[in-house]
Amino acid sequence: MKVRELKNPPTISVITATFNAEKYLPRLIESLRNQTDKDFSWIVADGGSTDKTLEILKKAKDLRLTLTSQADFGIYDALNRGIKNVSSEYYIVMGADDRFNIDAIANYRNCARESNADIIAAAVKVGDKIWYPRKNYGWLYGMAGVASSHSVGLLIRRSLHNKYGYYPKNLSITADQMFIKQALMKGASIYRDTFIAGELNLTGFSSNSVIHFMAEFFTVQMKTERFRIFQICLFFLRLMKNFKHL
């Protein structure tokens, strides 16, 4: 990629979808407050929490918080609502149970300034493993084969949604994969870096989620990869591999 440094530092927002997240929010808020680069806004799209989520959030106004709370149809519906409130050039999705490393915003801003790419992909920590951005393996790993984790690991240009639409409502687990893969297919640029942006939490992924995820992942692959027969073969191989978890 040809590097072209931007004249002005790119602006950044963090988007979080919440629902009864009082247990997790303090850790996320701490990681946001600890950023070495504090020039960012935080947009929270709450799904109508009935616990202390809203009370906790209202005490975080120092983070340039924009908070909306209403019933929604799931995480991607909430994220789409949050994106519509974004006025910055870029945004990052953070789950309520995720955490940033202290220099995440600074590193993302530097990469965006240097590359001017539409998407910046960073590494994320998952348990005791580090997931680094891949390239040219979308046929096998989906979005993880061309970028990295959507939450924590991607800085996304807001205007991509004007070109390619929002996260599709018909996918409840893999709408992010569909959007990112289709955007890249249609010409969005990506810059991959090895800095570790933070920790991604995957707790709560049940056996019911496995078959649901596999079905949605297959849908994404069939719409974003050329060799469909090959994707069908891979789908059945995954079914056999994960049979005991179904």
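Residue by residue, region 237-244 carries 3J(HN,Hα) couplings of 5, 5, 4, 5, 5, 9, 4, 5 Hz when phi is fed to the Karplus relation 6.51 cos²θ - 1.76 cosθ + 1.60 (θ = phi - 60°); x denotes Gly or Pro.
A cut-off of 5 Å between modelled amide H atoms, ignoring neighbours fewer than 5 places along the same chain, links SER69 with ASP46.
Among MET178, MET185, the ranking by other beta carbons within 10 Å of each residue's beta carbon, starting with the fewest, stands as MET185, MET178.
Taking other C-beta atoms within 10 angstrom as a stand-in for reagent exposure, SER151, SER87, SER13, SER41 fall in the order SER87, SER41, SER13, SER151, fewest first. Summarising the amide proton neighbourhood of GLU89: residues at separation of 5 or more, or on other chains, whose placed amide H is nearer than 5 Å comprise THR11, ILE12. The ranking of THR16, THR53, THR68, THR203 from fewest to most other beta carbons within 10 Å of each one's beta carbon is THR203, THR68, THR53, THR16.
Do any chymotrypsin sites (Phe, Trp or Tyr not before Pro) in region 95-196 lie in a loop, going by DSSP, with at most 13 other beta-carbon atoms within 10 Å of their beta carbon, and if so which?
Within region 95-196, the qualifying chymotrypsin sites (Phe, Trp or Tyr not before Pro) (loop, at most 13 other Cβ atoms within 10 Å) are TYR137.
A simple rule links phi to the HN-Hα coupling: the Karplus curve 6.51 cos²θ - 1.76 cosθ + 1.60 with θ = phi - 60°, which for region 18-23 gives 10, 7, 6, 10, 4, 5 Hz, with x for Gly and Pro. Amide H to amide H, with H built 1.01 Å from N, TYR167 comes under 5 Å of no residue 5 or more places away or on another chain. Projecting label points 7 angstrom from Cα along Cα→Cβ for THR219 and THR203 puts them 2.9 nm apart. Which of the lysines could a cross-linker span from LYS223 if the Cα-Cα distance has to be under 20 Å and same-chain partners fewer than 8 positions apart are dropped? Hits, sequence-local ones excluded: LYS135, LYS163, LYS169, LYS181, LYS186.
Readers should treat all values here as calculations from the given coordinates under stated rules, not as data from a laboratory. All of these numbers come straight from a predicted model, not from anything done at the bench. All Cβ positions, even for glycine, are placed from backbone atoms using ideal geometry, and neighbour counts span all protein chains on display.
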